[in-house]
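Trainee: For reference, the structure I am asking about is given below.
The values are calculated or read from the model by the stated rules, or taken from the named source; none is laboratory data. Remember, predicted model here, so these are calculated numbers, not experimental data. Virtual Cβ from ideal backbone geometry, glycine too; neighbours counted across all protein chains shown. Protein only, heavy atoms only, side chains kept; ligands, DNA and RNA dropped before computing areas. Shrake-Rupley method; radii C 1.70, N 1.55, O 1.52, S 1.80 Å.
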Amino acid sequence: MIDIHLHCLPGLDDGPGTIDEAAAICRLAAADGSDTLIATPHQRVGSWWNCDPGRLEALRRELQRRVGATPRILLGAEVRIDRDLIEDLDSDDQGGILTLAGTDYVLLEYSRSGPFVDAEDLVHELTLQGRRPVFAHPEFTPGLG
C-alpha cells in the first residue's frame, strides 16, 4: 500500500516536531500495511513555504536512514493553491514546488478561507501543462461538487 499524503518530515509544519517522532510515525504506517510513504510537507502556506527541495530531500534521506529500508519514503508536497501556482509550475525550477515522488501528479490544497481560482479552471490549466492534479481535501475544493 502507498500512502500519498503524509506529513512525516520533522520540524516543518503540522507534522512531527522531531526526527524520532517522524520515524515512529513511519514505523506505525508500515505496521498498518504501508510499504511506501510519500512525505508531503505543506508548501506555499504562510510560514510553511518549504520550497527548498534540497533541504526537504536531506530531511527525507535522514528519515529513511533512521527508519531503515521499510517503508520506502519518497518526497512530494501538499501544495497550497495561489494565484502564482500555474506560472511557477511552468517555470524552469517550478518555484521549488514538488510533485508526488517526482511524477506529473501534484497534490493540491485550497485555502479554507477562500480560493483564488475555480477547481475546474485549475484542472484545465494544469492538464494543459501535462500535470495530473490530485486534491488533498476535496471537501474544501470549490467547483468539484
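Trainee: Run the numbers for L128 and D90: contour at 0.36 nm per residue of separation, minus the present Cα-Cα distance, in nm.
Mentor: Full-extension gain reported as 12.6 nm.
Trainee: Mind putting a number on the dipole of the chain about its Cα centre? Charges go on the C-beta only, +1 for Lys and Arg and -1 for Asp and Glu, and I need it in Debye to the nearest 20.
Mentor: 600
Trainee: Report the calculated FRET efficiency for M1 and W48 (r = Cβ-Cβ distance, R0 = 22 Å), to the nearest 0.05.
Mentor: Once rounded, the FRET efficiency stands at 0.25.
Trainee: Measure nothing fancy, just the Cα-based angle from helix 119-128's long axis to the longest principal axis of the chain, in degrees from 0 to 90, nearest 10.
Mentor: The two axes meet at around 80 degrees.
Trainee: Name the residue from T36, I2, P53 whose Cα lies farthest towards the positive end of the charge dipole of segment 1-56, charges +1 on Cβ of Lys and Arg and -1 on Cβ of Asp and Glu.
Mentor: Among T36, I2, P53, the one farthest towards the positive end of the dipole of segment 1-56 is P53.
Trainee: Where a ≥ b ≥ c are the square roots of the eigenvalues of the C-alpha gyration tensor, would you call segment 14-96 rounded, which needs a/c under 1.5, or, failing that, prolate if a/b is larger than b/c, or oblate?
Mentor: Note, shape of segment 14-96 comes out prolate.
Trainee: Something else: Please give the solvent-accessible surface of T103 in Å², to the nearest 10, using a probe radius of 1.4 Å with every protein chain present.
Mentor: It works out to around 60 Å².
Trainee: Would you mind computing, in nm to one decimal, how far apart the modelled labels at D118 and T36 are, each placed 7 Å from Cα along Cα→Cβ?
Mentor: 3.5
Trainee: State the label only: which of [x] 15.1, 42; [y] 18.3, 56; [z] 18.1, 71 corresponds to Rg and Dmax of the Cα atoms in Å computed from the shown model?
Mentor: [x]
Trainee: Given points 7 Å out from each Cα along the Cα-Cβ axis, report the E21 to A58 separation in nanometres with one decimal.
Mentor: Reported label-point gap for E21 and A58 is 2.1 nm.
Trainee: In addition: Report in % the part of the accessible area of the chain that belongs to carbon and sulfur, leaving out ligands and nucleic acids; probe 1.4 Å.
Mentor: 50
Trainee: What's the magnitude of the charge dipole for segment 63-139 around its Cα centre, counting Lys and Arg as +1 and Asp and Glu as -1 at the beta-carbon? Answer in Debye, nearest 20. Please list the in-between numbers first.
Mentor: Working: 8 positive and 15 negative charges, 150 e Å.
Computed charge dipole of segment 63-139: roughly 720 debye.
Trainee: Right, something else. Dipole of segment 16-83, Cα-centred, from +1 at each Lys and Arg C-beta and -1 at each Asp and Glu C-beta, to the nearest 20 debye? Let's see the in-between values first.
Mentor: Working: 10 positive and 9 negative charges, 35 e Å.
Result for segment 16-83 is approximately 160 debye, rounded to the nearest 20.
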